[in-house]
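Here's the structure, in structure tokens; my notes come after.
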Amino acid sequence: MLIEKGWFIPTLQFGPDDVFLFEDWDDTPAGPYRALFHFTPRDFRTLYVSSEEGRDLVSTIHRFDEMHVTRVDSRRQSGRWTIEVDTGEKGALHMEVDFRETNLLKVVNPIARHTPDMIARNPLYCRLLPRLAAPIMGTDPDQKIMGVTEMGRNTRFRMERIFKVSSARCTWGGRDLGPMVDCCYAHDMGAYKTISKAVVSYLSLIVA
């Protein structure tokens, strides 16, 4: 079993063509690393990752068509997350994500953070938590936080803090990708699927 702990944006879509997932892991068996997943509407997947060790780890959990070890910068300050990635020939990617803890989340987050692990790993709890969060976040009540990935890895997310994304913008190679929109694609990630509404979370990922 391995555990990764850090910051996570499970789905973020700009315009009609570009879907991203971003991970900023503080603590993993491969050391700290940052990774940007990019999905096209036809489900071509590119990984940009900050270390070879991170690449070797994340590629056992999810499938990619291309993988690049490159510079990935991540900074969070006063509710703004700035992400910069050197994507090589495609140019520099610059993303800014504004997130906040709503009044309801200020009530929910301490409960999630202090839930005993014996409860947090219970399948019933893992089914109920997304349903409880859905009215607060506007997310899909059938979202999974436990299941098998497309690479056959048994995984579970332990949520510690959740934040609502209020706005985001992204340029790539000097081109504005368009407005942040609800994600409309359902990429095959095993038990998991893209989240229509963007969220930011601090969590642990447990992988068997």
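So, in nm, how far is label residue 104 from label residue 122 when the simple model puts each one 7 Å beyond its Cα toward the Cβ?
The modelled label-to-label distance comes out at 2.3 nm.
Within the stretch 2-207, what percent of beta bridges assigned by DSSP are antiparallel, to the nearest 5? Don't skip to the answer; put the middle values down first.
On the way: 65 of 69 bridges.
Beta bridges within the stretch 2-207, antiparallel portion: roughly 95 percent.
Taking every pair of distinct Cα atoms and averaging 1/r, then inverting, what Kirkwood hydrodynamic radius in Å comes out for the chain? Each step should come with its number before you reach the end.
On the way: mean 1/r = 0.0578 Å⁻¹.
For the chain, inverting the mean 1/r across all distinct Cα pairs yields 17.3 Å.
Run lengths n ≥ 4 of DSSP H only: what is the helix-derived mean residue ellipticity at 222 nm for the chain, with -39500 (n - 2.57) per run over all residues, to the nearest 500?
Values: 4 runs with 37 residues, N = 208.
After summing the helix terms and dividing by residue count, I get -5000 deg cm²/dmol.
On a 0 to 90 degree scale, rounded to 10, what angle separates helix 103-113 from the longest Cα axis of the chain?
Once rounded, one gets 80 degrees.
When you count, for each residue, the other Cβ atoms within 10 Å and take the mean per peptide, how do 51-61, 156-166 rank with the highest first?
Details: 51-61: 17.1, 156-166: 19.1.
With the highest mean Cβ count within 10 Å placed first, the list reads 156-166, 51-61.
If the reach is capped at under 19 angstrom between alpha carbons, list the lysines near residue 164, excluding any in the same chain fewer than eight residues apart.
106, 144, 193, 197
Just need the relative contact order of the stretch 2-207 here, percent rounded to a whole number, with Cα pairs under 8 Å and 6+ apart. Kindly include the intermediate steps, with their values, before the conclusion.
Details: 480 pairs, mean separation 51.6, N = 206.
Here the relative contact order equals 25 percent.
Where a number appears in this text, it was derived from the coordinates with a stated rule and is not lab data. These numbers come from a predicted model, not from an experiment. So basically every Cβ, Gly included, is an ideal-geometry build from the backbone, and we count neighbours across all protein chains shown.
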